[in-house]
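Contents: one structure, followed by commentary.
Derivation of every value follows stated rules applied to the coordinates shown; laboratory data play no part. Being a predicted model, the structure only gives us computed values, none of them experimental. Positions of Cβ are backbone-derived with ideal geometry, glycine not excepted, and every protein chain shown enters the neighbour counts.
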Amino acid sequence: MREIHVNSIIDTIEKLCIDANTHLPCDVKNAIERCRACEDGSIACGILDNIIENYNIADKENVPICQDTGMACVFLEIGQDVHIVGGDLTEAVNEGVRRGYANGYLRKSVVKDPVRRGNTGDNTPAMIYTEIVPGENVKITIGPKGFGSENMSAVRMFKPSAGLQGIKDFIIETVQAAGPNPCPPIVIGVGIGGTFDKAALLAKKAIMRPLDTHHPDPYYADLETEMLNKVNELGIGPQGFGGKTTAIGLNIETLPTHIAGMPCAININCHVTRHKSEVL
Amino acid sequence: MEKRVQLPLTEELAKTLKAGDTVLLTGYIYTSRDAGHKRMCETLAKGEPLPFDPTDATIYYVGPTPAKPGQVIGSAGPTTSGRMDAYAPTMMSVGARGMIGKGARLPEVVEAMKKYSGVYFGAIGGAGALLAKQIKSSELVAYEDLGAEALRKLYVEDMPLVVIIDCEGNNLYEFGPANYLAQKGN
Ligand code: SF4
């Protein structure tokens, strides 16, 4: 049994919150630059150049890439042979977020009640997703999630008879309905299977997965490529002003499901798709 | 073709701007988003004056990150304008002609733009670090308790924008993708 003190969790989360909001991951930058090279819309090329210049400024000056520094989505993969000592794990995660958002000059965008509102002032609570895995490490991933894109996400409980075509149509329909609102070019996370809630979690995991990876099953890997190409034939383009680059990535995650159902969730993210991990 | 636009946004100036124009905007603008708009419209409903003169004014829908020491303002890109649709016609009715944001607007807003010669500009969503560089000064005007949503007066220089909807109701979100697809089809 390995012991990990909550203080090292707090410090790591503080650092990851700042890093994730300041430095766009390489897989996302590469995807944007690849799309810029293929773009043929006139306003579109200028917009993509500005987007590239923007993340370069953020890198160089250590400032947030986007002013919506998001809700802090925190994924914890906790080894079953780890013993967390020195305090409450949930409180430690929130303390890390609190410090990161204060010391990193990040925006506090969380309200304490969904209906009655009221800013919590420190960007807590974090949205925490825990998973128990074999081993004696803790892997922490932070994905600050903006809501311009989160608001355009959707979940649908399909009949199995809807089949693959039902899912394909749902992806196109959701991207069309989102239009210019999620700051295209976007990243699309698709979760298929499991239960109502698990499908949504899969979709969120899909947007956290690096854009240069594919689903391990070639059936879904091919579907990722096919649907990304289809989305990029819609003409929405960067910022919705017209162009080829509507999406820079589309990842699919799947799980087995019930004989009577085929849940499908689509989580929309923007070109500021942020994720940073560290293993303790 | 890039147009240089010097504020305030008079009716005459508004009429020269066409959907699809790329502009560099210079002058004073005001910041406000959800909570600020709600408060301004409540103030107007009570028959009280706004904390700034809305005549020919331009409002930027933004909630910036806190400024780091030495910065004028933190990252400051646009937020989704649709959430201000409920308030925008009221704001235009008292003279606030320009709006800067991102994303689609309701038909009611477009109708009000035609009536009051309003202009809807798009700033690049997600380019907060870049846009902050064009903001040369920032001054708190009111609603400090709203934090990132406080009402601020900014001086911007050559802020890169695109006219999305002009005062005749032409909408780049409609004809931009359609034109692109038509051109591809040829
Ligand atoms: S959707 Fe993304 S890029 Fe747009 S404002 Fe929100 S976080 Fe920023």
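Fewest neighbouring Cβ atoms within 10 Å first, the residues A:TYR55, B:TYR143 line up as B:TYR143, A:TYR55. Here the contact order of chain B, divided by its residue count and restricted to Cα pairs under 8 Å and six or more residues apart, works out to 29 percent. The range A:221-280 and the range A:131-159 have Cα centres lying 13 Å from one another.
Counting Cβ atoms of other protein chains within 10 Å of each residue's Cβ and taking the mean over peptide B:143-149 gives 2. Using a cut-off of under 17 Å, list every residue of the range A:65-92 whose amide N is near the label point 7 Å from the Cα of A:ASP197 along the Cα-to-beta-carbon line. Within reach of a label on A:ASP197: A:74-76.
In this simple spin-label approximation, A:ASP212 and A:MET1 carry label points 7 Å from Cα along the Cα→Cβ vector, and these lie 4.1 nm apart. What whole-number distance in Å separates the alpha-carbon centres of the range B:1-75 and the range B:110-161? Using only Cα atoms to place each centre, the spacing works out to 4 Å. Were the residues from A:ASP81 through A:HIS258 laid out at 0.36 nm apart, the gain over their Cα-Cα distance would be 60.5 nm.
Cross-link pairs exceeding 21 Å between alpha carbons, from the set A:LYS168/A:LYS204; A:LYS15/B:LYS153; A:LYS145/A:LYS230: A:LYS15/B:LYS153; A:LYS145/A:LYS230. Note on B:VAL94 and B:ASP145: the extension gain reaches 15.9 nm, defined as 0.36 nm multiplied by sequence separation minus the Cα-Cα distance.
Taking the Cα centre of the range B:2-185 as origin and assigning +1 to Lys and Arg Cβ atoms and -1 to Asp and Glu Cβ atoms, the resulting dipole is close to 380 debye.
Looking at the square roots a ≥ b ≥ c of the eigenvalues of the Cα gyration tensor of the range B:1-51, which shape do they give, rounded for a/c under 1.5, prolate if a/b is larger than b/c, or oblate? Prolate shape, in that a/c is at least 1.5 and a/b is the bigger ratio.
Within 10 Å of the Cβ of each residue in A:173-186, the mean number of Cβ atoms contributed by other protein chains is 3.
Inter-part distance, the range A:160-201 to the range A:55-85, computed on C-alpha centroids, equals 25 Å.
Residue exposure proxy: A:PHE147, A:PHE75, ordered by other Cβ atoms within 10 angstrom of their Cβ from fewest to most, comes out as A:PHE147, A:PHE75. Please say if chain A is rounded, prolate or oblate, where rounded means a/c under 1.5 for a ≥ b ≥ c the square roots of the C-alpha gyration tensor eigenvalues, and otherwise the choice is prolate for a/b larger than b/c and oblate otherwise? Note, shape of chain A comes out oblate.
Between A:TYR220 and A:LYS168, the FRET efficiency from the beta-carbon distance, with R0 = 22 Å, is close to 0.95.
The charge dipole of the range A:148-273, taken about its Cα centre with unit charges on the Cβ atoms of Lys, Arg (+1), Asp and Glu (-1) only, comes to about 200 debye. When chain A is modelled as a GNM with alpha-carbon springs shorter than 10 Å, which of A:SER109, A:SER161, A:SER153 fluctuates the most? Taking springs between Cα atoms under 10 Å, the residue moving most is A:SER161. Placing a label point 7 Å from the Cα of A:ASP122 along the Cα-to-Cβ line, the residues of the range A:58-92 whose backbone N sits under 11 Å from it are A:91-92.
Largest GNM mean-square fluctuation among B:GLU111, B:GLU174, B:GLU11, using chain B with Cα springs under 10 Å: B:GLU174.
Using DSSP, restrict attention to beta bridges with both residues in the protein assembly as shown and report what percent are antiparallel, rounded to the nearest 5. Within the protein assembly as shown, antiparallel bridges account for around 55 percent of the total. Once you have a ≥ b ≥ c as the square roots of the Cα gyration tensor eigenvalues for the range B:1-151, tell me rounded if a/c is under 1.5, and otherwise prolate or oblate according to whether a/b is larger than b/c. Since a/c reaches 1.5 but b/c is at least a/b, the shape of the range B:1-151 is classed as oblate. Counting only the backbone N, which residues of the range B:106-128 are under 19 Å from the spot 7 Å out from the Cα of A:ASN56 toward its beta-carbon? The answer is B:124-128. For peptide A:57-63, the mean count of partner chain Cβ atoms within 10 Å of a residue's Cβ comes to 5. Where both bridge residues fall in the range A:148-273, DSSP classifies roughly 60% of the beta bridges as antiparallel.
Multiplying the residue separation of B:LYS18 and B:LYS3 by 0.36 nm and removing their Cα-Cα distance gives an extension gain of 4.4 nm.
For A:VAL133 and A:LYS159, FRET efficiency with R0 = 41 Å and r from the beta-carbon atoms, rounded to 0.05? So, using R0 = 41 Å, E works out to roughly 0.75. Scanning chain A for cysteines with no neighbouring cysteine C-beta under 4.7 angstrom from their C-beta gives A:CYS17, A:CYS26, A:CYS35, A:CYS38, A:CYS45, A:CYS66, A:CYS73, A:CYS264.
The residue list A:GLY261, A:CYS73, A:LEU250 was ranked by how far each Cα lies along the charge dipole of chain A toward its positive end, using unit charges on Cβ atoms, and A:GLY261 comes out on top. Counting every other Cβ atom within 10 Å of each residue's Cβ, A:HIS83, A:HIS5, A:HIS275 order from fewest to most as A:HIS83, A:HIS5, A:HIS275.
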